[in-house]
Amino acid sequence: MIIVAYFLLKRAPILIKRIWGNVNKLDYLNPFKILKLGIKTVLAILNDFYIIYYLAYGCVAIFGLLIHPFLFSIHLMDII
């Protein structure tokens, strides 16, 4: 999970700056504009393949700990 957190800390600000970069200072006062930008930010993060990959990888690791150790076999897909 440390790798997932590091990757998100490295990648998310770049995506957020790309979306929020052209916003005027007065737009921060409009709650609907902030909500719209927030939704666009979440959608942009969810459209990035590597973010989804690392989140799924981390979820499988947690499921392997909580549900059944057989789920750790999915991590062997990196070897193939």
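Here are a few things to note about the model shown:
- Taking first residues from the stretch 11-24 that are more than 10 Å from A44 (Cβ to Cβ) and partners that are among the hydrophobic types (A, V, I, L, M, F, W, C) and loosely packed, with under 10 Cβ neighbours inside 10 Å, no Cβ contact under 7 Å between residues at least 6 apart in sequence or on separate chains turns up.
- Residue in the stretch 38-52 that is farther than 23 Å from M77 by Cβ and of a type in the set (D, E, K, R) present: yes
- Test: residue in the stretch 55-70 that is modelled with pLDDT under 85, of a type in the set (F, W, Y), under 22 Å from the mean Cα position of the chain (by Cα) and more than 20 Å from Y6 (Cα to Cα): no
The values are calculated or read from the model by the stated rules, or taken from the named source; none is laboratory data. Worth saying up front: this structure is predicted, and the values here are computed from it rather than measured. Neighbour counts are summed over all protein chains in view; Cβ atoms, including those assigned to glycine, are modelled from backbone coordinates with ideal geometry.
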